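Undergrad: Just dropping this structure here.
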Ligand code: GTB
């Protein structure tokens, strides 16, 4: 058996290879630190089975297994990778704490309203109050992006050199793909493009895309 960590990812990702599911951030972190990894692809059905729930209490992807450690929650997994390897956290203790604060900010402060908007689009579109709620959620997102944009200004990254905080923030902002929301914040759009231009990002993107391409090919053969 390989000594490399194993992560889980969708066997057939609903994002159709756009790298928007949360295994992408884990793949990217592993690529940034040069850690090879194995992937266990799971179906929506398998994720809810007891064997997978033993890894993930909520029956989701991604998970991360390394030796005896089994972890869920993409932020915790990226932090674990950052703690095990050089390259994703600054060397000084205070810089590390600030980078970790940005990891929490990405997931707790910025991703939360973006996910809520996305889910409202899937689940509440036929409700009479949908349009009103959507504009409230848009306003909440724009508020966060305005503040983030002001903080970033002309800097390349959120706090000094690229860190796990940037990695998570870029993946969170990418979830606005398909909306025009990010366009109003040119420095944030450039920030996302800067993240996507990193060679490690490109390798991670290609790896998850290859899974979609293979499943798509299988589906076309089956039809
Ligand atoms: N807080 C957890 C984490 O950060 O790890 C959230 C994990 C999570 O939501 N996982 C999703 C999942 O397993 C996949 S990433 N969903 C299946 C389920 O809950 O049954 C979310 C996601 C899904 C699809 C797209 N897409 O199609 O664009 C984007 C993001």
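Undergrad: Largest first and to the nearest Å, give the Cα extent of the stretch 54-93 along each principal axis.
TA: 36, 19, 13
Undergrad: Please state the shape class of the stretch 58-148: rounded when a/c is under 1.5, otherwise prolate if a/b exceeds b/c and oblate if not, all from the C-alpha gyration tensor. Display every interim value, and only then the final one.
TA: Numbers: a/c = 5.34, a/b = 1.69, b/c = 3.16.
Oblate, because a/c is 1.5 or more while a/b does not exceed b/c.
Undergrad: At what distance in nm do the modelled label points of residue 209 and residue 221 sit from each other, each positioned 7 Å from its Cα along Cα→Cβ?
TA: 2.2
Undergrad: For every helix of n ≥ 4 consecutive DSSP H residues, a contribution of -39,500 (n - 2.57) applies; sum these over the chain, divide by its total residues, and give [θ] at 222 nm rounded to the nearest 500 deg cm²/dmol.
TA: Values: 10 runs with 123 residues, N = 223.
The helix-only estimate for the chain comes to -17000 deg cm²/dmol at 222 nm.
Undergrad: Pick from 149, 43, 13 the residue whose mean-square fluctuation is largest in a GNM of the chain, springs joining Cα atoms under 10 Å.
TA: Per the Cα network of the chain with a 10 Å cutoff, 43 tops the list.
Undergrad: Also: I want the antiparallel fraction of DSSP beta bridges within the chain, as a percent rounded to 5. Before the final figure, lay out the partial values.
TA: Values: 6 of 11 bridges.
Antiparallel bridges: around 55 percent, rounded to the nearest 5.
Undergrad: Here's a follow-up. Shape of the chain from its Cα gyration tensor (a ≥ b ≥ c, root eigenvalues): rounded if a/c is under 1.5, otherwise prolate when a/b > b/c, or oblate?
TA: Working: a/c = 1.64, a/b = 1.09, b/c = 1.51.
Oblate is the answer for the chain, as a/c is 1.5 or above yet b/c matches or exceeds a/b.
Undergrad: Here is a follow-up. Can you figure out the FRET efficiency of residue 83 with residue 4, using R₀ = 22 Å and their beta-carbon distance, to the nearest 0.05? Present the calculation step by step, with values, prior to reporting the outcome.
TA: Values: r = 17 Å, r/R0 = 0.78.
Given R0 = 22 Å and the Cβ-Cβ separation, E is 0.80.
Undergrad: A further question on this structure: Would you kindly compute the Cα radius of gyration of the stretch 93-198 and its largest Cα-Cα separation (Dmax), both in Å?
TA: That works out to 14.5, 50 Å for Rg and Dmax.
No lab work stands behind these numbers, since they all come straight from the coordinates. Please read these numbers as outputs of a predicted model, since none were measured by experiment. When we count neighbours, we look across all protein chains shown, and the Cβ atoms used for this are built from the backbone with ideal geometry, even at glycine.
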